[in-house]
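> Take a look at this one; I'll ask things after.
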Amino acid sequence: MSVLELANISKHFGAIQAVNDVSFTLEAGQVVGLMGDNGAGKSTLVKMIAGNFRPSHGTMQLEGKELVLHKPAEARQHGIEIVHQDLALCNNLTAAANVYLGRELRRGFGPLRILDYGAMYKRAGQLFAELKSETRPRDLVKQMSGGQRQAVAIARTMLSQAKIVLMDEPTAAISVRQVAEVLNLIRHLRDQGIAVVLISHRMPDVFDVADRVIVMRRGRKVADKKIASSSPEEVTGLITGAIEQVG
Amino acid sequence: MAVTLDQTIAQKQHTFFSRLFANQTFWVVIAVILACLFLSFATDSFATSKNLFNITRNVTFVAIVALGMTFVIITGGIDLSVGSVLCLCSMVLAVTMHAGYSIEIGILATIVTALAIGAFNGMLIAYLGFPPFVVTLGMLSVARSLAMVASNNTVVFQFGPDHQKLLALGGGAWVFGIANPVLYMIILALITGFILRWTKFGRHIFAIGGNEHAATLTGVPVKQIKVAVYMISALSAGIAGIIQTGWLGAVTTNLGTGMELQVIAATVIGGANLAGGVGTAIGAVVGAALIEVIRNSLGLLGINAFWQGTFIGGAIILAVLFDRIRNFRRSD
C-alpha cells in the first residue's frame, strides 16, 4: 500500500489554474524528485499536502484513508512534515530550541510546568548524531553554516514518527560541500522508511538522490518515471516543453 | 580520524567567562558599580542611607515599566503608550478611591483598565496588522486625554477611607527598611526572568522576535502571544502607577510624561535589541539603575541639571556602541 495517494488534484486561485488534475502515489522509503520551471505548480502541490492550501478538486489518501487538511498542524499530526525553503529558523535561538519550536518539552505539573532544557538538548543531540551532522544543540543558529541549518530543519521532521517529509529547494542556497551533506540527510530519512518529496531546480541533486522523478509543466504532470530509465536531457526537455509528455 | 563527531558535538564553544564578557548587561553592571564607588569617594552625600534609599526607590518606577516593555521589545514591537497609561491608571485609582471605594476595588479597577488598554493595542497590532509604533503613539495621546477627562484635569490627593493604606503601600518600608517599591520591583523582576527563561510562553516570545514567519510556520500562536505582551506592558505601567500614586500621595495629569522614552532607554541600555529577539529582566533593571545613578550623581557633583539629557543620551549610545563593536568583530 502506498503512503500517500493523490487522485485528480486541482487547485485554482481565482482564474489561475495552478495545479491541474494531478495524480500520483508516494511509497515508503522512496525519494521522489519534483521538478518543473518556476510557476509549474510544484510549491502549490506540496503546500496542499502540507495543509497550507486545500485542493479545489480531487482527493488525497493517507495509507488508504481519506485525508482532509485544514491547517499545517493537522498535517503534522498525520506524520506529514515539511522543510520550508527558507528553513523557518530563528537565528536568536539555539539549535535545540529551533528543533523543538512549537512543541517544547516541559516538566512539572499543572500550571507550573517549566521547559525541560536537559531533555531537549539530549534528544536534539541524538538527532544530530543520527544525521551525522556536526551540529551542537546549544549553539545559536546564527553561528551555523548552511548545512548545519539544514540539519536543524530536518531534525525537526524527525521528532515525531514522520511518514512523509516534503523538502522545498533544500539545496538552493548552500555551498557544494554542504549540498553533499544535505543529500546524505535525505538518504538517511529514506533509509528509515520515510517517503521524501524533494522539490529542486538542481538536476544533479535529483539524479543523485531520487528514485523517481515527477515533472510538472504549467500545472500538469507531464512525466512520472524511475530515475534509472530517464536522463537529465529528457527531464530538461520535459521541463521546457521540448518534449510534450512521457509515460 | 583524530577527532570524532561525538567529540566535536560535545565540545563546548563558550566558557562561562567568555559568555559573561560578551554580555552587554554585565558591562552595564560594572559601569553602575564603578559609578557608585567613584561617587562614594567623590562626594559625602552619595553613600548615605537616605540617598541610597532615594535612588533605589526612584529606579523602581522606570524599572517596573521597563520589565513589561522588555516583553514587547523582545517580540520586535514597541509600546510608546506606557507613560500615559501609567497616568491614566493612577488617575483611575485616585478617582475611584476618592469616590469612597475601598483600595481593593480601586486596584481592581486600575488593573482592569490597564489590561483593557493592552488588549486594545495588542488586537490592533496582532489581528489588524497595524504597526506597533502607530497604535501605541495613538494610545499615548488617548490615555493621557482620558486621564484628564476622568479627573477634570485636577490634582487628586484625597483617596477616601483607605487613604492611609494606599500611602503605606507605596511609601512604606515593611521589610528591613527597604522601600516597598523596591521589593515590588525585585519580585516582578524575578517573575519576569522566570517567564522569559523557563516557560513555553517566554520561549515563543523570543521566537517571534527572531523570525515571526518561522514561528507562525512551526505552529506558535503568534497573534495571541502578541496581544499578551502588550497586555503585560500595560499591566506593568498600571502596577507602577498604583505604587507611584501611593508614594507621591497625589496624582496630576502630567504624571509619567516622557516616561516611555526613559523606559525604552533603560531596556536598550540593559541589552535589549529594538529589532527583537534579545532582552532580559535583569537588563531592564540594571539599565534603569544606570540612568538613575547618572541623574543622581550629576546633582550631587553640582553639575547643572541641563546636562542630564546629554549624559543619559550618551549612555544609551555608548551601551549600544559596545554591542555594535562586538557584531563587527564577529562578522570579520
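The values are calculated or read from the model by the stated rules, or taken from the named source; none is laboratory data. Quick caveat, the model's predicted, so the values are computed rather than measured. Virtual Cβ from ideal backbone geometry, glycine too; neighbours counted across all protein chains shown.
> When the residues of region B:231-262 are narrowed to those that are assigned to a loop (DSSP other than H, G, I, E, B) and buried (at least 23 other Cβ atoms within 10 Å of the Cβ), which ends up farthest from the other protein chains (Cβ to nearest Cβ)?
Among residues in region B:231-262 that are assigned to a loop (DSSP other than H, G, I, E, B) and buried (at least 23 other Cβ atoms within 10 Å of the Cβ), the one farthest from the other protein chains (Cβ to nearest Cβ) is B:Thr253.
> Among the listed residues B:Val134, B:Val142, identify the single one that is surrounded by fewer than 18 Cβ atoms within 10 Å (Cβ to Cβ) and within 15 Å of B:Ala237 (Cβ to Cβ).
When all the criteria are applied, what remains is B:Val142.
> Given (1) crowded, with 18+ Cβ neighbours inside 10 Å; (2) out of contact with any Gly (no Cβ under 9 Å at 6 or more places or on another chain); (3) closer than 16 Å to B:Ala147 by Cβ, identify the lone condition not met by B:Gly83.
Every condition holds for B:Gly83 apart from (2).
> Now, a different point. Condition first: polar (S, T, N, Q) and under 18 Å from A:Ile82 (Cβ atoms). Now tell me which residues in region A:139-179 satisfy that.
Within region A:139-179, A:Gln150, A:Thr157, A:Ser160, A:Gln161, A:Thr171 meet the criteria.
> Is one or more of the residues making up region B:58-74 aliphatic (A, V, I, L, M), under 23 Å from B:Ala119 (Cβ atoms) and more than 11 Å from the chain's Cα centre (by Cα)?
Yes, because at least one residue in region B:58-74 is aliphatic (A, V, I, L, M), under 23 Å from B:Ala119 (Cβ atoms) and more than 11 Å from the chain's Cα centre (by Cα).
> Then there is this: Taking B:Ala265 as meeting all but one of (1) away from every other protein chain (no Cβ under 14 Å); (2) part of a helix (DSSP H, G or I); (3) touching a residue at least 60 places away in the same chain (Cβ under 8 Å), write down the number of the exception.
(3)
> Next question. Tell me, yes or no, whether region B:289-312 has at least one residue that is among the small types (Gly, Ala, Ser), farther than 27 Å from B:Met91 by Cβ and modelled with pLDDT of 90 or more. First the steps, then the outcome.
Within region B:289-312, the first condition is being among the small types (Gly, Ala, Ser), and the residues that meet it are B:289, B:297, B:299, B:302, B:305, B:309.
Checking the rest, the ones that are also farther than 27 Å from B:Met91 by Cβ come to B:289, B:297, B:299, B:302, B:305, B:309.
Then drop every residue that is not modelled with pLDDT of 90 or more, which leaves B:289.
Scanning region B:289-312, I find at least one residue that is among the small types (Gly, Ala, Ser), farther than 27 Å from B:Met91 by Cβ and modelled with pLDDT of 90 or more, so the answer is yes.
> Let me ask something else. Filter region A:73-126 down to residues that are at the interface with chain B (Cβ under 9 Å from one of its Cβ atoms) and among the basic types (Lys, Arg), then give me how many there are.
Here the count works out to 4.
> Please go through region B:205-230 and give me each residue that is within 11 Å of another protein chain (Cβ to nearest Cβ) and either more than 13 Å from B:Ile73 (Cα to Cα) or without any contact (Cβ under 8 Å) to a residue 12 or more places away in the chain (or both), ordered by number.
Within region B:205-230, B:Asn211, B:Glu212, B:His213, B:Ala214, B:Ala215, B:Thr216, B:Leu217, B:Thr218, B:Gly219, B:Val220, B:Pro221, B:Val222 qualify.
The rows are residues; the columns are (1) under 17 Å from the mean Cα position of the chain (by Cα); (2) at pLDDT 90 or above; (3) crowded, with 16+ Cβ neighbours inside 10 Å.
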{"site": "A:Thr25", "(1), (2), (3)": "yes, yes, yes"}
{"site": "A:Met35", "(1), (2), (3)": "yes, yes, yes"}
{"site": "A:Met48", "(1), (2), (3)": "yes, yes, yes"}
{"site": "A:Phe53", "(1), (2), (3)": "yes, no, yes"}
{"site": "A:Gly58", "(1), (2), (3)": "no, yes, yes"}
